[in-house]
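One structure below.
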Amino acid sequence: MTSVSILGSTGSIGLQTLEVIDAEPERFSVAALSAASSVDALIAQAKKYRPQLVIVADPRDVARVQEALPGGCEVACGVDGLVAASEMADVTVNAIVGFAGLPVTIATLKAGKRLALANKESLITAAPVVERVRRTEGASLIPVDSEHCAIFQCLGASHGANPQVARLVLTASGGPFRGRDAASLEGVTVQDALQHPTWSMGPKITVDSSTLMNKGLEVIEAHALFGTPYDQIDVVVHPQSIVHSMVEYTDGTTIAQLSLPDMRLPIGYALSYPDRLETPFGGLDLLASSTLTFEPPDRSTFRCLDLAYAAGRTGGAAPAWLSAANEVAVEEFLAGDLEWAQISEIVSRTLELYVEDPLDNVEAVIEADAHSRSAARSVVAGIRRSNE
Ligand code: NDP
Ligand code: MG
């Protein structure tokens, strides 16, 4: 029996992780669950799965959750609770969205446990620190992000630059605005951006997919996970989302991983690795899928992709700045306070303010994140003033 802590259990990845556990209950047990604002949903989950620990984000919710739950289930709050949950299970699924997932990534690896990583933002912002804690005895990091889980499988799970790899090819669906030019994207709404053609995901990553920032973050994620230089990481748009990514080797062989776009497959892979689930999530009928197409990304309309490559190549804290500025911009867009096209503008102008921040430890990562957020907020304020 593998015990699993699911942090961010009320979100898209969290709920799909519970579906995987439901499918093979003899194999997995739930050690801990957490949420931020969805307290009622969290209580319902805890009643069903009976974890040892439940974590809320707001201390005012602790008493209410405690009262609602049977004895034997401890209720904790904030980072301390997340760290305890990360240390207690065989596998921790980091399904929190955004920089808030950082303590889970660090604590799980530091404890020498397996991290099933969906929360790409923590790896992107803290790559040098993660690289260190990843070397803790017993620690392992299995990517849940579908492209990286695909590459992990195509690589045969190697960690560190592999001289026989010619390039990694990340596939992108192209998002809801594929094929549109900048003029036709003026005035698109939050609702438009949330209409993803192939994946059903949380709002932040869905907006990131619409700008291609998600793919940009994934390029940095691939560099951090596999040690592949940026010149050897390419992006190709594949609207059907069947080929989840590929590895091209020096002899010209390309190995790809195919399945339906169903996150339960990479989640299940990360939970059961090195074995595989017996449940065929995302099984593929190639005759029904019929056509698979590939095209280059439109880098001038979707500027975030190259902003991410540039931040990745700059290195240091630049990826942390990119990710934090993007979080600020996407929050503003989702709140209806910004135009869609201004997301890339805010990220670009924030990166112009980038001053090198050392990233030696977690505190330095938190500081770099704060610097970038404050720079991004001043860019947003400047844009607002010029709109008035
Ligand atoms: P959701 O927005 O659906 O869920 C996020 C989860 O995190 C919720 O449980 C939410 O709780 C919790 N949460 C939000 N803010 C905080 C906080 N400040 N502190 C603690 N917990 C918090 O996101 P997704 O499931 O879509 O994405 C999660 C991560 O996985 C992201 O990093 C994303 O990039 C990555 N990912 C997602 C994919 C997908 O298919 N969804 C695919 C590949 C990667 P509450 O419900 O209370 O708000
Ligand atoms: Mg992905």
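The values are calculated or read from the model by the stated rules, or taken from the named source; none is laboratory data. The structure displayed is predicted, hence computed values, not measured ones. Cβ sites come from the backbone with ideal geometry, for glycine too, and all protein chains shown count toward neighbours. Quick note on the areas: whole protein, heavy atoms, side chains included, nothing else; ligands and nucleic acids left out. Shrake-Rupley method; radii C 1.70, N 1.55, O 1.52, S 1.80 Å.
Observations on the model:
- Here the relative contact order of the chain, from alpha carbon pairs under 8 Å that lie six or more residues apart, stands at 14 percent.
- Value of D in µm² per second that Stokes-Einstein yields for the chain, Kirkwood Rh from Cα pairs, at 25 °C (0.890 mPa s): 115 µm²/s
- Inter-label distance for residue 200 and residue 23, nm, one decimal - labels placed 7 Å from Cα along Cα-to-Cβ: 1.5 nm
- Fully extended contour minus Cα-Cα distance, from residue 278 to residue 255, at 0.36 nm per residue: 6.0 nm
- Spin-label model, residue 41 to residue 164: label points 7 Å out along the Cα-to-beta-carbon direction sit 4.4 nm apart.
- Fully extending the segment from residue 388 to residue 285, taken as 0.36 nm per residue of separation minus the present Cα-Cα distance, adds 31.7 nm.
- Cβ-Cβ FRET estimate between residue 314 and residue 370, R0 fixed at 22 Å, reported to 0.05: 0.70
- Distance between the pseudo-spin-label points of residue 63 and residue 90 (7 Å out from Cα toward the beta carbon): 3.9 nm.
- Given charges at Cβ of Lys, Arg, Asp, Glu: the chain dipole, positive-most of 216, 302, 359: 359
- With viscosity 1.306 mPa s and temperature 10 °C, the Kirkwood radius over alpha carbon pairs of region 2-144 converts through Stokes-Einstein to a diffusion coefficient of 108 µm²/s.
- Computed lengthening from residue 295 to residue 377, 0.36 nm per intervening residue step minus Cα-Cα distance: 26.0 nm
- Positive dipole terminus of the chain, leading residue within 263, 199, 347 (C-beta point charges): 263
- Accessible surface ranking that places the most exposed of 47, 215 first, with a 1.4 angstrom probe: 47, 215
- Contact order for region 2-144, expressed relative to its length and based on alpha carbon pairs under 8 Å spaced 6+ residues apart, stands at 22 percent.
- The lysines within cross-link reach of residue 110, meaning a Cα-to-Cα straight distance under 19 Å and a gap of 8 or more places when in the same chain, are 120.
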